[in-house]
1. So in the chain, what percent of DSSP beta bridges are antiparallel if you round to the nearest 5?
2. Calculate, for Ala242 and His270, the FRET efficiency according to 1/(1 + (r/R0)^6) with r their C-beta to C-beta distance and R0 30 Å; round to the nearest 0.05.
3. Any chance you could check the Cα centroid distance between segment 383-400 and segment 126-200 for me, in angstrom?
4. How much mean residue ellipticity at 222 nm does the chain get from its helices, if each DSSP H run of length 4 or more adds -39500 (n - 2.57) and you divide by all residues, to the nearest 500 deg cm²/dmol?
5. Roughly how tilted is helix 214-228, in degrees to the nearest 10 and between 0 and 90, from the longest Cα axis of the chain?
6. Name the chymotrypsin sites (Phe, Trp or Tyr not before Pro) in segment 236-273 that are in a loop by DSSP and that have at most 15 other C-beta atoms within 10 Å, would you?
7. Mind listing which GluC sites (Glu not before Pro) in segment 49-87 are in a DSSP loop and have 13 or fewer other Cβ atoms within 10 Å?
8. What full-extension length gain, to one decimal in nm, is calculated for Ser122 and Glu385 as 0.36 nm per residue of separation minus the Cα-Cα distance?
Amino acid sequence: MRNKELMLYRNMEHEELLRNMIFLMENYENTYYNKEDLKSLFFECIHRLLELSVKYGLSGNLWHTFLTYLLVNSENVYTTACEIVGEIQGSINHIAKQDFLVFQELFSYDFLPMMQTLEVPSFESLLEYQEIDGKNKVFQTRVRERICTLSRELKEAETTEVFKERLMKFYQEFGVGKFGLHKAFRIEHSKSEVEIVPITNIAAVSLDDLVGYELAKKKLIENTEAFVEGKKANNCLLYGDAGTGKSTSVKAILNQYYEKGLRVIEVYKHQFQDLHSIISQIKNRNYKFILYMDDLSFEEFEIEYKYLKAVIEGGLEKKPDNILIYATSNRRHLIKETFKDKEDRDEELHTNDTVQEKLSLVARFGVTIYFGAPMKKEFQKIVLELAKRQGVLMEEEQLLLKANQWELSHGGLSGRTAQQFIDYLLGQQ
């Protein structure tokens, strides 16, 4: 095996497993090593292959799907370039072909002599492995299925050129690495570094699930479609009463436009000082990123909004065209104002400047969309529609009577209250 000759596909996730497998391929007949130790290492590798396959929801030949996962998840200068411009030419293309030759050798490896020498049971079941179920996997169903299909296509590739073409097709269709294979992310700190980490369990909601708010949804769709199509689009503030579907709308937009390259990164208020680091990691990728800030508001003593203002517009560095900011808030004015700002002139000579500074953050969102609490008839319409969609078995008159009783003691008129009521009924059926 020539894995040490790899030039581009190095420092990959789960590379230790690859190294251990190759060590076995090269040394299973070497009498220098204790046979029982080699057998133990073999079973450890099989265990890790199974663990990864269950985690990612992969099936088929687990050795081939593992190699394919390494290829589609490796972010290097070659794969990220292919993600943006498709097939590339020049010296780096020839270097990539040398790496692909190594991977082709790994794909075609015959494990039978190793298993006979080590006297281990045949692992034929792992060559046609069936996944346990399709729930709670790291990858979306479409991505999982495409990786499994690609693993078969790469195994059957007659030449390195065909191998490369099939892999390039995947890069162009899905991208590469975590941004290509996932749709939503959060921010974590790894030592002193800011890390963008995939969120693997996203609510499968659509805009149709949000009953009403047609004008609000229309404005959100128009702005997002312009963004994913590379046209001019605005930062967006969704504000209004609690429980009216602001956060649900952002999740639905992600699900609707994910396949067109939309990605969402959730950023909390205390992480605003990391915004420049986040932007530097995503500004040159071939995706459209929404920095999503849920339930955004600031008290008088909080100054994190200054970081946000500088990022939106005002700093020397121009905000990249592939990044927008979507925020939700129960407040129209994001920063708390008091009469003291306007009346207590003993505190500050230029009180108008204080007011304007607090108002200027909202002004930097080009699109503002209002989500108001429904009136009684609208609330009842939401309840009836949700009941119909989710199979609640109850007469309409009795349903609305119970809904009215529920909302009086559970948060008032809102879409969230209606959904909680329907969930309660479903639990009782």
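1. On the way: 8 of 31 bridges.
Bridges in the chain are about 25 percent antiparallel.
2. 0.90
3. Using only Cα atoms, the two centres lie 41 Å from each other.
4. Working: 18 runs with 219 residues, N = 429.
Mean residue ellipticity at 222 nm (helix-derived): -16000 deg cm²/dmol.
5. Once rounded, the angle reads 40 degrees.
6. Values: sites: Tyr239, Tyr257, Tyr258, Tyr268, Phe272; in loops: Tyr268.
Passing sites in segment 236-273 are Tyr268.
7. Details: sites: Glu51, Glu75, Glu83, Glu87; in loops: Glu75, Glu87.
For GluC sites (Glu not before Pro) across segment 49-87 that sit outside H, G, I, E and B with at most 13 neighbouring Cβ atoms in 10 Å, the list reads Glu87.
8. On the way: separation 263, 0.36 × 263 = 94.68 nm, distance 5.51 nm.
Gain in length upon complete extension: 89.2 nm.
The values are calculated or read from the model by the stated rules, or taken from the named source; none is laboratory data. Computed from a prediction, not measured in an experiment: that's the story for all the values here. Note that each Cβ is placed from the backbone with ideal geometry, even for glycine, and that neighbours are counted across all protein chains shown. All accessible areas refer to the heavy atoms of the entire protein, side chains included, with ligands and DNA or RNA removed. Shrake-Rupley method; radii C 1.70, N 1.55, O 1.52, S 1.80 Å.
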